[in-house]
Amino acid sequence: MSDATSPPKLRALIVEDCENDALLLIEYLQRVPFELTWQRLDTEPALRDALRQEWDIVFSDYAMPYFNGARALEVIRDHNPDLPFIFVSGTIGEDTAVAGMRAGAQDYVMKGNLTRLGPAVHRELADAKARRERRAAERAIRRLSQVVEQATDSVFITNPRGTIQYVNPAFERLTGYSAAEAVGATPALIQSGLHDDAFFRDMWSTILTGQAFQKTLINRRKDGALFYEEMTISPLINDEQRITNFVSTGRDITDRILADRVRTQLLDIIEATTDFVAILESDGSLRYLNRAGRALLGLSQQADIASRHIADHLPEWAAHRLLMEAFPAALRDGVWHGESATMRADGREIPVSQVVLAHKPTSDTPAFYSTIARDITERKHFEQELKRQATHDALTGLANRVLFEDRLETMLARMERSQALAAVLFLDVDNFKRINDSLGHAAGDSMLLQVAQRLHDCVRPSGIVARHGGDEFTIATGDLHHPDNILTILHKLRDAFETPIPIAGQDVYVRCSMGISIYPHDGRDPETLLKNADTAMNQAKAHGRNQYQFYAPEMNARGQELLSLETDLRRAQEREELRLHYQPQLDLRNGRIAGVEALLRWEHPVHGLISPADFVPLLEDTGLIVPVGEWVLRTACAQYRRYRESNFIALRFSVNVSARQFSDGALLDQVRRALAEERVPADHLEIEITESTVMRDVQATGEILAAFDALGVRLAIDDFGTGYSSLAYLKRFPLDVLKIDRAFIQDVPSDSNDSAIAEASITLGHKLGLEVVAEGVETAQQLSFLRAHECDLIQGYYLSRARPVHELTPYLLAQTKPHD
């Protein structure tokens, strides 16, 4: 049977003491018809127990032995006011029935006439449903009312004409108007006057079409204060699709708007500031970078920074300092500040003063950092300029007295560690006052500037030049191995002022008086050395100006002697005072003379033969060693050619090459040209280079030696054992000969250490495939030792002194018989 023809279901609770009467009632209800579920009871406890179930209706007799209908009605109404209750009784009177209905019964029917029962049941079921729906609606309204009343958002309701009918407490708190003041008024009550007519036309056109209107409004409180309200106005539409009311809900967003405005203003300020401002993740990734920051890093304003890391835009040291020092310090203390640097796209470093702040909203969120950095390039330049002004002479740009003494103290500490000497020179310009008085102060300043420049050009980079004050200058130079070395700079200073200085259209010759003190002989601190150099300078002035004086008297005679020698040495070559002497070399394997070494000598017209110890260092210091070295090479080749033209004995001859000569790019061409012009076989020439020269620049040395080897010239390492050569490099060089320095021969065989070194050197040379020559052999015992250890060749006074070329041929002829 379909649902359309099925009788309605009815759950009926029957309060009846008579079972037959109950069955008659049930039979009637089934005929109505109802699909009936029922229960009969006649006591209050049974009733209360039955009410645990759901029932649609209650039928009750009025008078019963153990219970009565009035009490049953009272229990039912306490349980459910909406449950239909009908008296079905045979004894109830009209007054009793009226009293029962007043107490909450819906109807009464007499047992003898149940005709009205069916319609009454249908009616009461419908009424009960309506009551339940009404009560549910009332409950919903009450809940909604509570929500509206307790809401933090402002709510007001108007009729279709806009008259306010209701406002909630939040409206009162927000606007300052009470409900009594607002109800009956219109929303114009809170209008600020800041919205134009077009705004309100848009609002009305929206809500009158049934749509919600959502905007942010600026309204005015009762006290006149403005506030921002995020407002939604919604129309209420009934079943007939007619607008019955408008509901306006508003949220006060004044604080948010003002905060947003402040943030916007702050962002505008941050974007407008010239300082670098950035927000960084905990790992250093960029989250935000302002306009100045982009400009500082060389990034365009459109460049995406999401994938960039701050370390990519910092020098390595600055990135390490930010991530390893600033971040941890800021996380610990809240803030870090210090100096750092950024790096532009072109790699240029920009010094900055930086502040880093750590932000950690909660313990569960990772920290992030903000940083502000200011370009302090100008400040650094200013600081450097202030420092320069404090430590440098304003006119000449040279160090002043304070900086000179500070740097001199550092130099002296270094000299003490390296066991070297240093010299302090105190100079006074002899003719400054006359120039200043006659040509004017501008001319005097120009003179001092040019003097300062010439002094600066005379001193190597490790030296110090300063203006002591007025027309006085000081110079410090270190790394001297002998007091005589100071003569090199004295020579340079003298040459520097050989040419006049142009001043005010005139050529002026500058003359200086100089005093020199030597560390540590004349003092061990800057103050003492300066005082003694000043004293020596005054002595130089007393001797007639344009002089120099050492503080130590014995140095003056030596200095004059060496300076005079230097002057004569410069003319020695053109005066043909230089000579070559040759020292023979004996081959111990066959007892024959195998070669000679060309040694330079100077025959001074006054002093006679000058010791090489006196003039060779002067050649090195003055740079004359290069042209004189070329003269030695060409002369040796020419003399060897003349020797070979008249002698059948073939020899090899060796020529020493200095470090400066070896590094001169012209040496190879000089050798090639000398051999060609004198028609000397290349393998008859042996070039000797000291061990220290070879190791100065290993790569360049290898290239030069390879070029000589390709030419066919023999190559020898001179003074072996006195330098710091690497055997790995010696093995790679195309060498032919190893010469043991005389220092390791002179005490052989009595000194066990020297004997061991000499023996090891011979063994090493042979292992490297080299001929071994021992220098400085002066005794028979030395010769026996070297022969016993299979040294290849010897030279020294025991065999022969160095001889002039005219004595060499007779000596060689006399030595044609083998030596024992």
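The values are calculated or read from the model by the stated rules, or taken from the named source; none is laboratory data. These figures come from a predicted structure and were not determined experimentally. Ideal geometry is used to build each Cβ from the backbone, glycine not excepted, and the neighbour counts take in all protein chains shown. What goes into the accessible areas is simple: the full protein's heavy atoms, side chains included, and nothing from ligands, DNA or RNA. Shrake-Rupley method; radii C 1.70, N 1.55, O 1.52, S 1.80 Å.
List of remarks:
- In the chain, taking the dipole from charged Cβ atoms about the Cα centre, the farthest positive-side position among A292, P612, A650 is held by A292.
- Residue-by-residue Karplus 3J(HN,Hα) for the stretch 254-261, coefficients 6.51, -1.76, 1.60, Hz, glycine and proline x: 4, 4, 5, 4, 5, 5, 4, 5
- When Y66, Y551, Y166 are compared by accessible area of protein heavy atoms, the largest-first order is Y66, Y551, Y166, using a 1.4 Å probe.
- Heavy-atom accessible surface of the chain: percent carbon and sulfur, 1.4 Å: 51
- Straight-distance crosslink candidates among lysines, where the alpha carbon sits under 26 Å from K9 and sequence neighbours closer than 8 are dropped: K111, K129
- Given a 1.4 Å probe and the protein chains as shown, T163 ends up with an accessible area of around 40 Å².
- Mean ellipticity per residue at 222 nm, deg cm²/dmol - from DSSP H runs of n ≥ 4 across the chain, formula -39500 (n - 2.57): -13500 deg cm²/dmol
- Angle between the chain longest axis and helix 69-79 axis [Cα atoms, degrees, rounded to 10]: 10
- Taking the stretch 332-376 and dividing mean pair separation by its residue count, relative contact order in percent (alpha carbons under 8 Å, at least six apart): 34
- Oblate is the label for the stretch 591-690, because a/c, from the alpha-carbon gyration tensor with a ≥ b ≥ c as root eigenvalues, is 1.5 or above and a/b does not exceed b/c.
- For S340, the accessible area of its heavy atoms, probed at 1.4 Å with every protein chain present, is near 10 square angstrom.
- Here the extension length gained between S750 and V247 equals 168.8 nm, from 0.36 nm per residue of separation less the Cα-Cα distance.
- Axis angle, to the nearest 10 degrees, between helix 197-207 and the longest C-alpha principal axis of the chain: 60 degrees.
- For the chain: relative contact order, % (alpha-carbon pairs under 8 angstrom, 6 or more apart): 5
- A straight line joining the Cα centroids of the stretch 29-53 and the stretch 531-554 runs 141 Å.
- With DNA, RNA and ligands ignored, accessible area of W631 (1.4 Å probe; Å², nearest 10): 60
- Taking a Cβ cut-off of under 9 Å around D621, the surrounding Lys, Arg, Asp and Glu residues balance to a net charge of -3, with basic ones at +1 and acidic ones at -1.
- The listed peptides 450-457, 9-16, 515-522, ordered by packing as a protection proxy, come out as 515-522, 9-16, 450-457 (highest mean of other Cβ atoms within 10 Å first).
- Qualifying lysines (Cα of each under 27 Å from Cα of K767; at least 8 residues distant if same chain): K731, K739
- Equivalent ellipsoid semi-axes - Cα gyration tensor, the stretch 423-522, angstrom: 27, 13, 11
- Computed extension gain for S353 through T186, at 0.36 nm per residue and net of the alpha carbon distance, reaches 54.1 nm.
- Cα long-axis angle, helix 117-150 against the chain (0 to 90 degrees, to the nearest 10): 30
- Extension reserve of the E527-C18 stretch, reckoned as 0.36 nm per residue once the Cα distance is removed: 169.4 nm
- Given +1 at the Cβ of Lys and Arg, -1 at the Cβ of Asp and Glu and no other charges, the dipole of the chain around its Cα centre is 1180 debye to the nearest 20.
- Accessible surface computed residue by residue for the chain, with neighbouring protein chains in place and a 1.4 Å probe, gives 52 Å² per residue.
- Each of V805, V773 has its accessible area taken with a 1.4 Å probe; listed largest first, they run V805, V773.
- Under 15 Å from the Cα of K492 - aspartates and glutamates, other chains or at least 8 residues apart: D457, D484, E566, E620, D621
- Sparsely packed trypsin sites (Lys or Arg not before Pro) within the stretch 636-694, loop by DSSP, other Cβ within 10 Å at most 11: R679
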